[in-house]
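Worksheet: one structure, shown below.
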Amino acid sequence: MPLKSSICTITLIPLCPPKQARVPTALALGSFDGLHAGHRRVINEIVKDGKGIPTVVSFWPHPREVLYGEQRLRLDLPSEKTELLGPLGVEQLVLVPFDHSLAALSPEEFVDQILVQTLKAKKIAVGANFRFGKNRQGDAQRLKELASHANIDIVILPIIEDSQGRISSSRIRNALNEGDLESAKKFMGRPFKFRGQVVEGKGIGRKIGWPTANLQVDGRKFLPGIGVYAAWAFLNESKTPLPAVMNLGPQPTVDPNSPSCVEVHLLNQQLDLRGKGLIVQPIKRLRSQKRFEGLNALSKQISNDAKMAELILQSTKV
């Protein structure tokens, strides 16, 4: 999603470039990808005492994409993040456009130009592992030193840990890669979901009695590991969950050379989904992908998948 520098995109809260933010601000600085418990603790610091407009500040695109050409998929795209931040008391999400000129700013220049002059911060909250400035030279303690000269209150929050180590976005990604939706939900404090637009497919699922909605998903969105899942689907912005089976990955039986895709079959539903949007909430991975001898064998397996998904979803709260 490109950063829009001319207008704010409104969902539940505004998503803005720095110069269009309402000021003065109380800032939570960080990527906040996945909005886990550690992130929410930092955010709580800026909403509780009214020292400025509660504002989350993140970089877009990810610094490593600009500096090293790495693709960094997001657990939460900016448009999704605005919906999640509003209920936490945040009033605006500011995306700082990350480019080489920003990367060249020293810690002192970053604090002065972005936090003081542009965002007029009155309070800033960060996690203990926060880094900023050229070559990541600045840390949380350096931020505290620099901000004190501008009479900005700084709060540094400790990293939250459990018996397995620190709670982090990386652990959420690892859980999703393994198809472990329960652990991902525990870390995030909410179910993992993603959006897609229904696009035209090859129609093979319909021919074998299992019509699927082929979803076009934003290429920057992180998705679970390849496999077949029991899932809930929500049509457009509907709150009504529809039981479904989701196939995520290539199509080894139909077309072994096909790229990875997302296909959703709604259980016991016959709806025309062409051109519509779906929100998908995968619940449990049923199995890994495999190649079958033919379409009949594939159809029988999908029937088994559907029965298993129904049983799982009947005992699952949305």
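Any read-out appearing in this document is the output of simple, stated calculations on the displayed coordinates, not a laboratory observation. Predicted model, so just to flag it, every value in this text is computed and none were measured. So basically every Cβ, Gly included, is an ideal-geometry build from the backbone, and we count neighbours across all protein chains shown.
Each other residue within a Cβ distance under 11 Å of Leu93 adds +1 if Lys or Arg and -1 if Asp or Glu, for a net charge of -3. The local environment of Asn177, defined by Cβ-Cβ distances under 12 Å, has a net charge of +1 under the rule Lys, Arg +1 and Asp, Glu -1.
When you count the other C-beta atoms within 10 angstrom of each residue and take the mean per peptide, 59-65, 103-109 line up highest first as 59-65, 103-109.
The mean sequence distance of close C-alpha pairs (under 8 Å, at least 6 residues apart), as a share of the length of the chain, puts its relative contact order at 16 percent.
The Cα center of the range 164-198 and the Cα center of the range 87-134 differ in position by 27 Å.
Taking volume of the Cα convex hull per residue in Å³ as calculated from this structure, the corresponding entry among [x] 144; [y] 171; [z] 123 is [x].
Semi-axis lengths, largest first, of the ellipsoid equivalent to the range 1-155 are 20, 20, 15 Å, with √(5λ) applied to each eigenvalue of the Cα gyration tensor. Hull volume per residue, based on the alpha-carbon atoms of the range 193-314 and their convex hull, is 100 Å³.
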